[in-house]
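Taking it in order: structure first as structure tokens, then the write-up.
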Amino acid sequence: MEDRRTLLLLVLVLFSGLVSSVSANEEEEIEQRTQGEKWFLLRQLHNVVQTDAGSMRMVKGGYRAGSFLHSPMHIGFISMEPNSLFIPQYLDSNLILFVHHGEARVGHIHSSELVERHLKHGDVYTIPAGSAFYLENRLENQRLRIICSIDITSESMGWHAFQSFFIGGGTHPASVLAGFDHNTLATALNVSPEELHTFLTRQTSGPIVHISGSHHKNMWSEFLTQEPHQKLAHLKRIVNFGEEAGPKEEKSTWSLRKFLFNLVNRENVVNHHHHHHKAPSVYNLYKKKPNFKNHYGWSKNVDSSDYSPLEQSGNGVYLVNLSPGSMMAPHVNPSAIEYGVVLKGTGRIQIVYPNGTLAMNARVREGNVFWVPRYFPFCQIASTNDHFEFFGFTTSARRNHQQFLAGKNSLMQSLRGPEFAAAFGIDEKRLNRIANAQHEQVILPASSWDSSQDKASEPERKKRTNFERIVGSLGSDMIMGFD
């Protein structure tokens, strides 16, 4: 009897040890995935601009905390109320705009002239670094939502920020003109110090302002409600437009006087039909024919061969729509870092470290932002109950030849042979059977076992989420090693 009790005790100890070992491995795996989510999911939104007329928020790139990985792009979200204006400014970074919802009018300087374009849902437009621009939501009852990429150039004032230089402004925001000695600026503008003081202090509503008569009056709303001849007279009084520009001014990249003049005198605005300068066009992503399409979804990629203005920024854009349960096959981007913003539905993003361990297996939903370093294997999987649509940017304006790791057109097919079989320690017959099992390519259909995590019960999901939160709260001291 005593021997049976001793044997039972040993079994219990052994079982307890095995459970502890498994739990430790599971905790380590969860900790690794949690760390990966901190690196590859850009969740921390920073307020760049916040007024009652709109906002601009941003998730930052730069070097990821606790990692050597570098993310060279910020992703911005601009939201503007009806009848609002994002006042004239220029940036130290290139800007790519994508209209997610609503319509906009954008104006910016191109070859010393003011170019205006009407943007609608799905339009892509680029604004080079240093080019003065403004955004306007003219609609009476619809908000404007824009997703934008802000690349961190070598000339930016910091790796973790970008800088707006407001041309228009007052006490909030301050115009870049206000930084000059007032006597110097009054002389340069040929106005009195009193008029200069009024000019530089009236704007107090922030960088995004209402231009509708239904809101409180401000410099921009009062100015834009004037008759054209009143606007022109006002500008002549302030910046002496009656004086002819000299040869040096004509040769400059852009003139502040010309910018302000053209802002209100629409007869001088560049349009599509007549001008000797070829101004940038608008590219609608939804009207583009898919680069790939099958029963399980489609994908669209736009590079500089499709839209030449992308060449200056060196970035590309893409749009993917996956049917419920389908996946974008595991693949690698050999020439670009990829950023994605979920537009519709829910799904999962899986990213793999170079040492073959899972870096992240994160559930994402509308509004989430993720990024994938160059060369890192990854895939996107739609949930089983809805389409999964995501838009994004790449850090190359050239055609991105993705290398797929599974599917009919994958490296599994291209490398098939004795060498590849030997690498897996199997014979060629078995390798061929595995390589030929998937008949689809690029976007793959759902399987009975690929959505098990989505099918988990709500209590199970809550339990898993709570446990991951507890593990994540332990800190971020662990740095992944690449063997």
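In region 274-318, the qualifying residues are those that are part of a loop (DSSP other than H, G, I, E, B) and charged (D, E, K, R), and the one that is least open to solvent (accessible area, probe 1.4 Å) is D303.
If you go through region 319-356 and keep only what is among the hydroxyl-bearing types (S, T, Y) and surrounded by fewer than 21 Cβ atoms within 10 Å (Cβ to Cβ), you end up with S323, S335, T346, Y353. Selection of region 334-368 for residues being part of a loop (DSSP other than H, G, I, E, B) and farther than 20 Å from K293 by Cβ yields P334, S335, A336, I337, Y353, P354, N355, G356, T357, E366, G367, N368. Taking N183, is it over 30 Å from Q44 (Cβ atoms), modelled with pLDDT of 80 or more and assigned to a loop (DSSP other than H, G, I, E, B)? The answer is no for N183.
Would you check if there is a residue in region 78-94 being of a type in the set (A, V, I, L, M), modelled with pLDDT of 95 or more and within 14 Å of the chain's Cα centre (by Cα)? Within region 78-94 (the criterion being of a type in the set (A, V, I, L, M), modelled with pLDDT of 95 or more and within 14 Å of the chain's Cα centre (by Cα)), the answer is yes, since at least one residue qualifies.
Any residue in region 308-333 that is acidic (D, E) sitting within a Cβ distance under 9 Å of a residue that is open to solvent by less than 20 Å² (accessible area, probe 1.4 Å) and not in a strand (DSSP E or B)? List the pairs, counting only those 6 or more apart or interchain. Listed pairs, sorted by first residue: E311/D303; E311/A397.
When every residue of region 390-410 is checked against the conditions, at least one turns out to be open to solvent by less than 30 Å² (accessible area, probe 1.4 Å) and under 20 Å from E37 (Cβ atoms). Which residue out of G407, G425, G367 is over 29 Å from V59 (Cβ atoms), touching a strand residue (DSSP E or B) at 6+ places or on another chain (Cβ under 7 Å) and of a type in the set (G, A, S)? Unique residue meeting the criteria: G407.
Rundown of residues vs (1) at pLDDT 85 or above; (2) touching a His at 6+ places or on another chain (Cβ under 8 Å); (3) surrounded by 10 or more Cβ atoms within 10 Å (Cβ to Cβ); (4) under 30 Å from Q312 (Cβ atoms), yes/no style:
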| position | (1), (2), (3), (4) |
| --- | --- |
| V22 | no, no, yes, no |
| N25 | no, no, yes, no |
| K38 | no, no, yes, no |
| K60 | no, yes, yes, yes |
| G66 | no, no, yes, no |
| R105 | yes, yes, yes, yes |
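The values are calculated or read from the model by the stated rules, or taken from the named source; none is laboratory data. If you're wondering where the values come from, they're calculated on a predicted model, not measured in any experiment. Neighbour counts run over all protein chains shown; Cβ positions are idealised from the backbone, glycine included. Calculation scope for accessible area: heavy atoms of the full protein, side chains included, ligands and nucleic acids excluded. Shrake-Rupley method; radii C 1.70, N 1.55, O 1.52, S 1.80 Å.
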